[in-house]
Each structure stands twice: as structure tokens, then as C-alpha cells.
Amino acid sequence: MSLDLFVMNGSVIDPQECEIYEANIGVADGKIVYVGSDVIEEVEILIDAKGLYVSPGFIDTHMHNENSAENEVEKALLLQGVTTAIAGNCGVGPIISEELLQRPRYLRLGFFTGHQVLREKVGLNNHYMPASASSIEAMVEILKQELSKGSFGLSLGLEYVPGTSYEEMCKLAKVVAQYDKRWVSMHMRYDGEKSLEGVKEAISLAKDCGVRVQISHLASMASFGCIREALKLIEEAKAYVDVTFDSYPYKAFCTQIGSAVFDPGFEKRWKKGFSYLQVASGKYRGKKLTQELYIKLRKEEPDTLIIAHVMDGEEVKAALKHSDCIIASDAVLKNGQGHPRVCGTFPRAFKILLREGFSWPEAIRKATYLPAKSSFFEDRGNIKEEYKADLVIFNPKKLRDCATFKDPLISPKGIEYVILGGKIAVQKGTVLQPHGEVILRN
């Protein structure tokens, strides 16, 4: 047997069975072809993983990389161990184009079709206006075309487009249900105290349309005294509908100041005002938001990112600990600036879970096996023969997040190698050549 890559002496994490075992791993032609105790000498690249853990590559089902001019988000996630990701969430997924397909990629990257983008394609740019019947039918036709081209499904950003009627999103979701292995990613309509209404709407959509719905960043929507009831609603619904959720491990969210999220009255929803809001991009980056700056940025620089330190930390933790919770970053940058979740989500989440009594396999499961299952991937999320050769080799004693709200782009420590398709993509904190690809679901 001749191998492209051989990883020996590592402690292999099985996130499905939640166990760790000693094994060597052989890779050829981008796939895992051997897992066992034999030592194979005819290899091109040999990695000695003694004292290290070997995990399946992490899968990030909720990130943002819609700007075709940037690769920073992909690189930041790769440095955390992410090898597969799905972009285009929160309603802003792009139309699939040759430019999108041909650009070099650092991850295996799939895309949702964004509801907001569909609206714009049919000339509906007012986020507060309901769509007409003819506009909805036009969106349906575009969505069918995108799903046929390989889109992973529909992403909704209902909080950003409050004019969306239930009928509008239901007609679109029913289209998604007609395609194999597709689903709806939903940024709910409400956060704060009304978040439970948003959860109920997500459950209704899954039931009425016969489609899988993944509720986006649940903790950032419901960690205002509502998370436990939200989790209970989801648990009860899973008996009769296909619904799941993801979360990131921070008690602060981040989005554009010009969006409907920051429409006047936001303080009442969160019971916290300007002193809890921090400018994350642009010339005012790092400053606390004031009434005057709020008005100025909303008018003159509406794409400015704002970090809102408004969620309850214990509720965020409760969401993360739930057995069905998928770790997802919601990573977004504007001109290289943003929230530390871009660089720290996965190691930070593992650290929290380990402190709460989880084992390494139980924690890793939330970044590998669970998102693979929720995304209908049958060739990744575990270390098995014939699976994609996507691996993370890390030191369990040293793995930690380093990104902060002051310095959000500091990469984590403790990851020795990231392997993507059998090729070394990260070596000791350095990103090498892009070995990713756009994934089309057909």
C-alpha cells in the first residue's frame, strides 16, 4: 500500500461512539484508506502524532463568506480546525456564479440561497414591505434554479426582513422540501422576550412544509431569560418535526448597525442600552456606542459592525451544553474587523464544555458528527475508511482560544496540523496553500 499521508501514534477521537483509541491513519487520493495499528512505510508524508489528539475536521454550518473579495474568514476558521463550512446564512446567501465557483478556497464551502437576495433579485428592496403574490412566485422560480445548481437550501434572516409574511417563507420552504438533502437555515424573527414566538414559528415552518429547519445561533436570540423554555419547545417538537439548532460560545452578538436589529427600541428588547454596545469596525472601532454615534452610523455608515454585550452567559452555556446543540461560529468580518468568534469559536466552546464535565469526544461531537448529520454529509464527521481525509491534530493540553474583543483576530493555540483532502492546510499555526473547494449539492 502506497500512501500520500500517514499519521501515526495519535489518539483518535471517535465522536459518534464518544471514545478515544490509539491508531494510525493512512490517506490516499484525498480519502482515509486505513485506520489501524499497522505501520506503513511507503508514504510520502509522515506525521508523528504522539501525545496529540486526532479529530475529524470541524464542520461549521453557520458562517458568512459572501464577499467574493475576501478569504479572511475562511483562513480564520481553518486555523481553528474547520475544514467544511456552509456560508450564505441569515438570508444573504449569494446567487451561484462562475466567479463564486472559480475563486481559490481554503475550506470545503457550500452555500445557501439567501431570502433577502431573492427579494432583491425581484426588485423588492424594502425590508419592511410584504412581498406580492407575483414577487413570491418569481422568487420561487429563482430558488428552484439555485437548488438545481447545487445550493444547500434556503437561508432566512427574518429579523433583518421584518416584512416577510409566513406565507412568503412557507412557499419558499416547500420548494426546498422537494430537493434531497436540503434544509432551511433560519435566523428567527425575534430576539429577547419574544424569541419564544420565533422558535414556535420555526417549528411551524418545519411542520407545515415538511422540511428540516435549523435555528441559527439560538443562544444569541433567546439568552434573555428564555433559553430553557426555547430548548424545551425544540425538544418537544423533535418528536414530530425535523428541527435543530446551533450556537456560538459568546454572550455578545455582532451585526450591522443599519439593520432592523438596531431599529429604535432595541434597548427595551434586551433591557440594556448604549453602554453595552461596542463599535467593531470602521474608524470608530473599539469605541462605546453613544446616542450621537448611533444616529451618525445608522445614517452614514450602516454596514458598521456593532458588538452587543447583552446576553446572559449562563443561558449561553445552557444552550451549548444541550445534547442537540451544534457549535457554529456565525463568523463575519468587515475589512478584517469583527467579533472574536471568527477566530475563537471552536476552542472556546470546547473549553467551556470540558469545564462543564464533558469528555473530549462529547465536546468534539458537537463540531463533527452532529453537524455532519444535520447537513446530510455521509463522508465526513468521523474518522473511518472511505471518509474524506479531513483531520485536526491538536495538543489537548494546549488548545485554547486567544481572540479577544480588543484583538479579535488572534488565532488559537494548540493546533499542530489541519489536514484537508489529505493535504496539509495548516502547520503549526501557519496557513499553507488553499486546498478547499466549493461544494455543490446535487
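Coordinate-derived values only; no laboratory data. All values derive from a computational prediction rather than experimental measurement. Neighbour counts run over all protein chains shown; Cβ positions are idealised from the backbone, glycine included.
List of remarks:
- Projecting label points 7 angstrom from Cα along Cα→Cβ for Lys413 and Ser134 puts them 6.3 nm apart.
- The stretch between Lys384 and Lys144 holds 82.9 nm of extra length on full extension. This uses 0.36 nm per residue minus the Cα-Cα distance.
- Computed packing ranks the peptides 82-89, 220-227 as 82-89, 220-227, most packed first, by mean other Cβ atoms within 10 Å.
- Counting 0.36 nm for each residue step from Cys18 to Asn126 and taking away their Cα separation leaves a gain of 34.1 nm.
- Here the contact order of the chain, divided by its residue count and restricted to Cα pairs under 8 Å and six or more residues apart, works out to 21 percent.
- Dividing the summed helix terms, -39500 (n - 2.57) for each DSSP H run of n ≥ 4, by the number of residues in the chain produces a 222 nm estimate of -8500 deg cm²/dmol to the nearest 500.
- Taken about its Cα centre, region 308-442 carries a charge dipole of roughly 400 debye when the Cβ of each Lys and Arg holds +1 and the Cβ of each Asp and Glu holds -1.
- Residue pairs exceeding 25 angstrom between C-alpha atoms, taken from Lys321/Lys406; Lys171/Lys272; Lys121/Lys268; Lys317/Lys397: Lys321/Lys406; Lys171/Lys272; Lys121/Lys268.
- The packing ranking of peptides 148-156, 203-211, 401-409, highest mean first, is 148-156, 203-211, 401-409, where packing means the average number of other beta carbon atoms within 10 angstrom of each residue.
- Per the Debye formula on identical point scatterers at the alpha carbon atoms of the chain, with no solvent, log10 I(q)/I(0) at q = 0.12, 0.13, 0.14 Å⁻¹ is -0.97, -1.14, -1.32.
- Förster radius 35 Å - calculated FRET efficiency between Tyr166 and Glu99 (Cβ-Cβ, nearest 0.05): 0.55
- Anisotropy class assigned to region 326-442 is rounded, per the alpha carbon gyration tensor with a/c under the 1.5 cut-off.
- Glu42/Lys272 FRET efficiency (R0 60 Å; Cβ-Cβ; nearest 0.05): 0.45
- Take the Cα of Ser204, step 7 Å toward its Cβ, do the same at Lys428, and the gap between the two points is 5.8 nm.
- Counting DSSP beta bridges with both ends in the chain, the antiparallel % (nearest 5): 55 percent
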